[in-house]
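The values are calculated or read from the model by the stated rules, or taken from the named source; none is laboratory data. This one's a predicted model, so the numbers in the text were calculated from it and none came from an experiment. Using ideal geometry, Cβ is built from the backbone for each residue, glycine included, and neighbour counts are taken over all protein chains shown.
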Amino acid sequence: MQTASIEAQLRTRAFARVLGPYIATFTTIYAIRLGEGMEVIDELFSSPALVMMLGTFMFLGGLIIIAGHRSWRGPLAIAISLFGWFVALRGVALIATPDAMQSGVDATLDSSGATLAARLFFAALAIMGLLLAYAGWFTKPKAPQPAEA
């Protein structure tokens, strides 16, 4: 398999430097404070304008990642690209089906098993964020391998 160009690897690492600490920080906070979320969620979904703005910004942020990072070579690049798609699709879902999103969040917070699963999911994302941060800040790009004839 051919290695991504140096430019693509540098772009991947730049995204990892920003997204890694962001993902690690906020998913850790979400995992810890998940039980307190009902008040915040009720407040959020009581304002359709706020839900629309959140969905719009999530969609925009996801599109920025998708457009700015087009590399799918290597685990680091794949993680960043998938995160961009995940954020964009969640933003669209929040705009298009806010009631379904609220029902999903409510069902998760009402079930202790689902809440535990959500905490484990956020913990896994936090670990991914730490790995992205490490790769973005402390690894060097690999020299591209020439294409075989």
If you check ALA135, ALA124, which single one turns out to be more than 14 Å from the chain's Cα centre (by Cα) and in a helix (DSSP H, G or I)? ALA135
Within segment 91-101, does at least one residue satisfy the condition of being under 30 Å from GLU7 (Cα atoms) and not β-branched (Val, Ile, Thr)? yes
So which residues in segment 47-69 are exposed (fewer than 13 other Cβ atoms within 10 Å of the Cβ) and either more than 17 Å from ALA93 (Cα to Cα) or modelled with pLDDT under 90 (or both)? ALA67, GLY68
Could you list all residues from segment 77-108 that are more than 11 Å from GLY62 (Cβ to Cβ), in contact with a Leu (Cβ under 8 Å, 6 or more places away or on another chain) and of a type in the set (Gly, Ala, Ser)? ALA79
Looking only at segment 31-46, decide whether some residue is modelled with pLDDT of 85 or more, of a type in the set (S, T, N, Q) and under 30 Å from ALA135 (Cα atoms). no
Only residues that are of a type in the set (S, T, N, Q) and either within 15 Å of PRO98 (Cα to Cα) or not in a loop (DSSP other than H, G, I, E, B) (or both): list them for segment 1-56, please. GLN9, THR12, THR25, THR27, THR28, SER46, SER47, THR56
